[in-house]
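Worksheet for the structure shown next.
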Amino acid sequence: MAGSDMEINFSSYLTWSGEDERRPLVCTDVGSASVPPRSAYPPAPVSHPDEYVSVATGRTVNEYQLVYVTRGRGTLRTNGKTWDIVPGTAILVFPRVRHAYGPDAEQGWDERWVGFKGSYIEALRADGTISSERPVFSVGLDERLLVHFEELFGAVRAAEPFFQMRAGARIMLLLAELLSRERKTAQADGTAALVEKAKFLIAEKAGGSLSVDGVAGELGVGQARLYESFKAFTGMTPYRYFIHLKVNRAKELLSVPGTTVKEVAFLLGFDDQYYFSRLFKKKTGVSPSDWAERVKPPPVF
């Protein structure tokens with residue numbers, strides 16, 4: 001929907017072939033959910049296979065599950081321990097390890113997740129890079145993680161030939177970013193962390209409108225400090241960065257066969273498709289329709 005910060009309660013449970021299973025990673029399921037306070041978790045339980053529904057009370061699964069929480073609070077219980085989950089936390093669930101997680105009833109949360117299995121993740125477990133004793137990653141609100149999830153969701157929705165290969169590659173990038181980000185989070189100074197959080201919040205709003213004052217308020221700083229810090233680190237003002245994200249997202253959407261300019265404008269929160277077209281041409285030098293024609297895949301004979 002136009003103006004939404006994330007797609008609400010999207011999920012997809014996938015199939016794969018024997019050929020897919022011989023590759024380093026297979027994607028088993030993906031999704032996102034925005035869970036309001038005092039609501040059922042998981043949302044729309046009938047849309048999930050039975051073995052996944054008991055996540056809040058306790059379950060085991062046959063694959064790895066990575067869950068990235070970007071709003072609200074909650075808990076994870078596994079291996080006899082309880083972890084507090086806050087925005088910017090990633091949960092890594094291990095196969096056949098009993099666990100339960102979910103949002104606080106008074107706050108709810110926003111989550112994105114992906115399930116996967118394969119030799120690549122098993123190698124990371126074997127060499128100690130990951131462990132079921134360390135299921136929580138404090139990675140912060142990182143725009144790059146959002147990008148990887150959105151690219152992953154796009155590959156799954158498109159379901160083109162070899163989409164499992166595309167999804168597996170994107171999961172590898174997601175894991176690499178997760179591990180790298182966790183390492184760097186502790187090293188970031190206050191200003192760098194502020195800018196990264198601002199970039200994340202702006203990216204979350206790329207499908208709607210932006211209030212720079214609102215972003216500053218969410219970060220607990222004044223608008224002047226946000227403006228100065230953001231421009232010093234990125235070379236752009238927050239609003240210019242916001243438009244930059246919208247244009248890049250538009251390019252991606254226009255590359256999907258059959259997508260119209262009107263649909264892209266709607267998905268990116270523009271009420272007027274002609275204003276969107278003028279803005280796109282101003283930033284890229286070509287109209288949206290010309291861009292779509294340029295990137296259209298060649299015909300298959």
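Details
So that you can scan it fast, the table gives a plain yes or no per residue for (1) crowded, with 19+ Cβ neighbours inside 10 Å; (2) part of a loop (DSSP other than H, G, I, E, B); (3) touching a residue at least 60 places away in the same chain (Cβ under 8 Å); (4) not basic (Lys, Arg):
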{"residue": "12", "(1), (2), (3), (4)": "no, no, yes, yes"}
{"residue": "15", "(1), (2), (3), (4)": "no, yes, no, yes"}
{"residue": "19", "(1), (2), (3), (4)": "no, no, no, yes"}
{"residue": "24", "(1), (2), (3), (4)": "no, yes, yes, yes"}
{"residue": "30", "(1), (2), (3), (4)": "yes, no, yes, yes"}
{"residue": "33", "(1), (2), (3), (4)": "yes, no, yes, yes"}
{"residue": "39", "(1), (2), (3), (4)": "no, yes, yes, yes"}
{"residue": "54", "(1), (2), (3), (4)": "no, no, no, yes"}
{"residue": "61", "(1), (2), (3), (4)": "yes, yes, no, yes"}
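- Of the helices (runs of 4 or more DSSP H) lying entirely inside segment 162-251, those containing at least 1 residues that are small (Gly, Ala, Ser) and within 18 Å of residue 269 (Cα to Cα) are 190-204, 212-219.
- Within segment 118-139, the residues that satisfy the criterion of being in contact with a Ser or Thr (Cβ under 9 Å, 6 or more places away or on another chain) and surrounded by 19 or more Cβ atoms within 10 Å (Cβ to Cβ) are 135, 137, 139.
- Boolean, residue 220 is on the phi > 0 side of the Ramachandran plot and not assigned by TED's automatic domain parsing to the domain that holds residue 89: yes
- Restricted to strands (runs of 3 or more DSSP E) entirely inside segment 74-138, those with at least 2 residues that are of a type in the set (A, V, I, L, M, F, W, C) and touching a Leu at 6+ places or on another chain (Cβ under 9 Å) are 81-85, 89-93, 109-117, 136-138.
- Taking the numbered list (1) at pLDDT below 85; (2) in contact with an Asp or Glu (Cβ under 8 Å, 6 or more places away or on another chain); (3) within 15 Å of residue 113 (Cβ to Cβ) in turn, residue 2 passes all entries but (3).
- Any hit, segment 274-281, residues being in contact (Cβ under 8 Å) with a residue 40 or more places away in the chain and either at positive phi or polar (S, T, N, Q) (or both): no
- Looking only at segment 245-283, residues that are over 26 Å from the mean Cα position of the chain (by Cα) and of a type in the set (Ser, Thr, Tyr) come to 3 in all.
The values are calculated or read from the model by the stated rules, or taken from the named source; none is laboratory data. Predicted, not measured: the structure shown is a model, and the values here were computed from it. Reconstructed Cβ throughout: ideal geometry from the backbone, glycine too, with neighbour counts over all protein chains shown.
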